[in-house]
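**Student:** What follows is a single structure, and I will ask about it in a moment.
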Amino acid sequence: MPQISPYHSALCLMASSNRGQVLSLYRRILRVGWSWKAQNPSETKTERDYIINETQQLFRANKNITNMKNIKEHVAEGEARLEMAIHYKTPYPRPVNMPPNTITKGWGRGNIRRQNVSRPVYIKSIDNTS
């Protein structure tokens with residue numbers, strides 16, 4: 001019987017803990033979607049459908065990510081979007097104060113880099129799809 005290295009065991013443990021965390025987040029978001037009540041009652045079905053469809057689409061698009069750092073970033077984004085949706089009572093991502101490409105090259109590369117780094121975590125998946 002082959003010996004399993006401690007590194008392999010630790011890697012499997014990290015992967016399974018990430019899997020549990022991802023599945024837990026997925027279930028929480030879907031539960032919120034199924035029980036969502038819009039501020040305008042006539043919009044409830046539209047917003048519920050948006051939550052469920054957006055969740056399924058993003059989780060399916062990211063299902064093959066294996067890099068632990070990327071997984072943690074996506075989980076953080078999902079949690080942030082969920083908390084913001086609940087807090088602000090809107091399932092749609094909040095706009096960012098400064099639209100992309102508003103800093104010109106004349107302002108310098110440092111400012112452009114700062115703008116890219118300072119993008120909120122809850123908006124990164126939207127940046128990737130546009």
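The values are calculated or read from the model by the stated rules, or taken from the named source; none is laboratory data. These numbers come from a predicted model, not from an experiment. So basically every Cβ, Gly included, is an ideal-geometry build from the backbone, and we count neighbours across all protein chains shown. To get the accessible areas, we keep the full protein, side chains included, count just its heavy atoms, and leave off ligands, DNA and RNA. Shrake-Rupley method; radii C 1.70, N 1.55, O 1.52, S 1.80 Å.
**Student:** Restricted to segment 80-94, and to residues that are part of a loop (DSSP other than H, G, I, E, B) and open to solvent by less than 80 Å² (accessible area, probe 1.4 Å), which residue is nearest to residue 28 (Cα to Cα)? Break it down into steps so the answer makes sense when it comes.
**Tutor:** Keep residues of segment 80-94 that are part of a loop (DSSP other than H, G, I, E, B), which gives 89-94.
Right, trim to open to solvent by less than 80 Å² (accessible area, probe 1.4 Å) and you get 90-91, 93.
Working: 90: 16, 91: 14, 93: 17 Å.
Among residues in segment 80-94 that are part of a loop (DSSP other than H, G, I, E, B) and open to solvent by less than 80 Å² (accessible area, probe 1.4 Å), the one nearest to residue 28 (Cα to Cα) is 91.
**Student:** What pairs come up if the first residue lies in segment 62-79 and is part of a loop (DSSP other than H, G, I, E, B), the second is aliphatic (A, V, I, L, M), and their beta carbons are under 8 Å apart, counting only those six or more places apart or on different chains?
**Tutor:** Listed pairs, sorted by first residue: 65/71.
**Student:** Give me a count of the residues in segment 25-52 that are closer than 21 Å to residue 63 by Cβ and either among the aliphatic types (A, V, I, L, M) or touching a helix residue (DSSP H, G or I) at 6+ places or on another chain (Cβ under 6 Å) (or both).
**Tutor:** Summing the residues that are closer than 21 Å to residue 63 by Cβ and either among the aliphatic types (A, V, I, L, M) or touching a helix residue (DSSP H, G or I) at 6+ places or on another chain (Cβ under 6 Å) (or both) in segment 25-52 gives 8.
**Student:** Next question, about the same structure. If residue 36 satisfies every condition in (1) in contact with an Asp or Glu (Cβ under 8 Å, 6 or more places away or on another chain); (2) within 16 Å of residue 125 (Cα to Cα) but one, which is the exception?
**Tutor:** (2)
**Student:** Right, another one. Name the residues in segment 46-68 that are among the aromatic types (Phe, Trp, Tyr) and more than 12 Å from the chain's Cα centre (by Cα), would you? Outline the logic, then answer.
**Tutor:** The first filter runs over segment 46-68 and keeps only residues among the aromatic types (Phe, Trp, Tyr), leaving 50, 59.
50, the sole residue that qualifies.
**Student:** Filter segment 30-43 for residues that are open to solvent by less than 60 Å² (accessible area, probe 1.4 Å) and farther than 15 Å from residue 88 by Cα and give the result. I'd like the intermediate steps shown before the answer.
**Tutor:** Filtering segment 30-43 down to residues open to solvent by less than 60 Å² (accessible area, probe 1.4 Å) leaves 30, 32-33, 36, 38.
Result: 30, single match.
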